[in-house]
Amino acid sequence: LYTPDNHTHLNSFTTIINGEKKEAGGFAKLKTLINEHKKVNPDTLVLDGGDFSMGTLIQTVYDTEAAELRMLGQIGCDVTTLGNHEFDYTLDYIQKQLSSTGMSGKVVLSNVTNVNTGAHIWAENKIITKNLVTESGKTISVKVGLIGETVPTLAKKRTNYTGVLNGEDIVKNVKKEVPILQKKGADIIVVLAHSGIGEQKPAELDANTGYALTKISGVDAVLCGHLHKDFPDAN
């Protein structure tokens with residue numbers, strides 16, 4: 001199960017979808033749906049695609065990501081990556097928010113490194129092992145390899161990461177991470193990309209690379225977001 005671009009919507013809200021008013025969003029609704037799904041499929045992975053911050057009055061007034069990070073924990077999020085809006089804040093701020101909510105260990109971000117040392121700030125990749133039951137009733141272990149990607153140009157609204165962090169091109173980074181996870185024994189590889197669908201051959205440092213990622217050998221699934229659009233489009 002995948003939950004991208006929650007944008008601090010702790011509660012549901014009214015929006016217009018195809019010309020009709022509908023209730024959408026909200027961590028409470030997500031929690032209910034996830035709980036119902038897990039009753040049938042208890043080994044379900046809950047993955048988040050970033051941009052859990054920025055978007056509502058709660059974020060603006062309290063200037064904190066702690067509430068939505070705690071909500072990610074409450075809905076049972078196994079792994080999250082970071083979206084462009086998480087980088088609206090300083091690195092120190094992001095790290096403190098993640099640490100205070102116990103979410104630091106659940107972040108995977110593969111294409112962002114320290115400019116000076118080349119070291120990853122958060123986990124470069126992850127493998128989570130799930131025990132699944134086949135149609136014949138046999139229990140098997142599946143190693144799910146996870147790659148996390150964000151908009152490589154990072155944010156410049158409130159801070160500038162020039163000289164602090166380096167964002168690598170998403171497609172190039174995924175091509176580099178796939179063999180690393182394969183060597184670690186991943187059975188399937190999933191890319192959590194805070195990235196729109198985009199073109200088959202995106203430009204260097206493009207923010208929208210989802211389609212191109214599906215063409216990379218070894219990638220089994222791509223979970224993207226960022227542009228807030230449905231796929232396939234109704235038109």
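Read the figures in this text as sums done on the coordinates, not as results from a lab. Keep in mind that this is a model prediction, so the values were computed, not measured. Note that we place each Cβ from the backbone using ideal geometry, even for glycine, and neighbour counts take in every protein chain shown.
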Could you give the length gained on full extension between ASN116 and GLU36, defined as 0.36 nm per residue of separation minus the Cα-Cα distance, in nm?
-> 24.2 nm
List the residues whose amide H sits under 5 Å from the amide H of THR80, counting only those 5 or more places along or on another chain, with H placed 1.01 Å from N in the peptide plane.
-> ASP48, VAL107, VAL108
GluC sites (Glu not before Pro) restricted to DSSP loop in region 129-191 with at most 13 other C-beta within 10 Å | GLU135
Karplus couplings for region 174-182 from phi (6.51 cos²θ - 1.76 cosθ + 1.60, θ = phi - 60°), rounded to Hz, Gly and Pro as x?
-> 4, 4, 7, 6, 3, x, 5, 5, 4
Once amide hydrogens are built 1.01 Å from N within the peptide plane, the residues lying 5 or more places from LEU165 or on another chain with amide H under 5 Å from its amide H are VAL115
Counting alpha carbon pairs within less than 8 Å and at least 6 residues apart, what relative contact order, in whole percent, applies to the chain?
-> 17
Given a cut-off of 23 Å, name the pairs among LYS38/LYS143; LYS176/LYS201; LYS106/LYS184; LYS176/LYS229; LYS106/LYS138 whose C-alpha atoms lie farther apart than that in the structure shown.
-> LYS176/LYS229; LYS106/LYS138
What helix-only [θ] at 222 nm does the chain give? Using -39500 (n - 2.57) per DSSP H run of at least 4, over all residues, to the nearest 500, the answer is -7000 deg cm²/dmol
